[in-house]
Amino acid sequence: MDLDLFWALLDESACVTSDQSERAAWLVSRLSLLPASDICGFETLLSASRGRVNTFSHWHAAYVLCDGLCSADRFFAFQSWLIGLGRPVLASVASCPDALADVPAVRILLAVGAESWPDAAWPMWEELSGVARQAFFTATGRSLDNALAILGHVPVTDAGPFGGEVWDLDSPVEAAVRLPRLWELSGGVEEAA
């Protein structure tokens, strides 16, 4: 599977479904019709995409967006949600975590406030991480993880920011300095005043 097909599938899934569960089911059904090598490729590209936003800075951005309710498990689901927003959004946020402030879905969420989000509105998409596994099993009756191991690929199964500086995620000063636009949108400026 090439990168263009990977993103085309994600984009089409967003256009033809009404929620994340439907979207995941649609992806499973489409992927299961492809050759096993393409399903492996989808998982490999998903892991690579996730790796682009698997830093402490990105975790901090998710933490600010989610009003502090962003454990490692939730950060993993947040990465999937971010990928689900599409290639341009992922590229922008991957290069600058504070670019999350420019994402229309984020602006809407922050305007409402995390305390008012219904469960379905949280910026997380847990089901995406299992799409390729389900599709591979449907198509072959075998385990995707075993196939990937034979190919020498270890899929990413949880968030774990690697290396670099670590700071206090609860510090308003750190948020204001490192994520100024996102922090301001989140109402942090008023909180700090």
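The values are calculated or read from the model by the stated rules, or taken from the named source; none is laboratory data. Values in this document were obtained by computation on a predicted structure and should not be read as measured data. Every residue, glycine among them, receives a Cβ derived from its backbone with ideal geometry; neighbour counts consider all protein chains shown.
Observations, loosely collected:
- Residues located in segment 141-171, provided they are out of contact with any His (no Cβ under 8 Å at 6 or more places or on another chain) and under 16 Å from HIS58 (Cα atoms): ASP158, ALA159, GLY160, PHE162, GLY163, GLY164, GLU165, VAL166, ASP168, ASP170, SER171
- Of all the criteria given as (1) at pLDDT below 95; (2) out of contact with any Phe, Trp or Tyr (no Cβ under 8 Å at 6 or more places or on another chain), the one not satisfied by THR55 is (2).
- Candidates LEU33, LEU82, LEU46, LEU100, filtered to the one that is loosely packed, with under 15 Cβ neighbours inside 10 Å, in contact with a helix residue (DSSP H, G or I) (Cβ under 9 Å, 6 or more places away or on another chain) and either touching a residue at least 40 places away in the same chain (Cβ under 8 Å) or assigned to a loop (DSSP other than H, G, I, E, B) (or both): LEU33
- Considering segment 109-123, and only residues there that are in a helix (DSSP H, G or I) and out of contact with any helix residue (DSSP H, G or I) (no Cβ under 9 Å at 6 or more places or on another chain), the residue that is nearest to PHE75 (Cα to Cα) turns out to be ASP119.
- Residue satisfying condition, being within 30 Å of ASP38 (Cα to Cα) and in contact with a Cys (Cβ under 7 Å, 6 or more places away or on another chain), within set LEU90, LEU151: LEU151
- Just one of (1) in contact with a helix residue (DSSP H, G or I) (Cβ under 7 Å, 6 or more places away or on another chain); (2) in a helix (DSSP H, G or I) fails for ASP73. It is (1).
- Inter-residue pairs, beta-carbon under 8 Å, first without any contact (Cβ under 8 Å) to a residue 40 or more places away in the chain and in segment 117-130, second of a type outside the set (Asp, Glu) and exposed (fewer than 15 other Cβ atoms within 10 Å of the Cβ), 6+ apart: ALA121/VAL112
- Which numbered condition ALA8 fails, given (1) surrounded by 13 or more Cβ atoms within 10 Å (Cβ to Cβ); (2) at pLDDT 95 or above; (3) more than 22 Å from GLY141 (Cβ to Cβ); (4) not β-branched (Val, Ile, Thr): (1)
For every residue, the table says whether it meets (1) surrounded by 17 or more Cβ atoms within 10 Å (Cβ to Cβ); (2) of a type outside the set (S, T, N, Q).
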residue: ALA139; (1), (2): yes, yes
residue: SER143; (1), (2): no, no
residue: GLY160; (1), (2): no, yes
residue: GLU174; (1), (2): no, yes
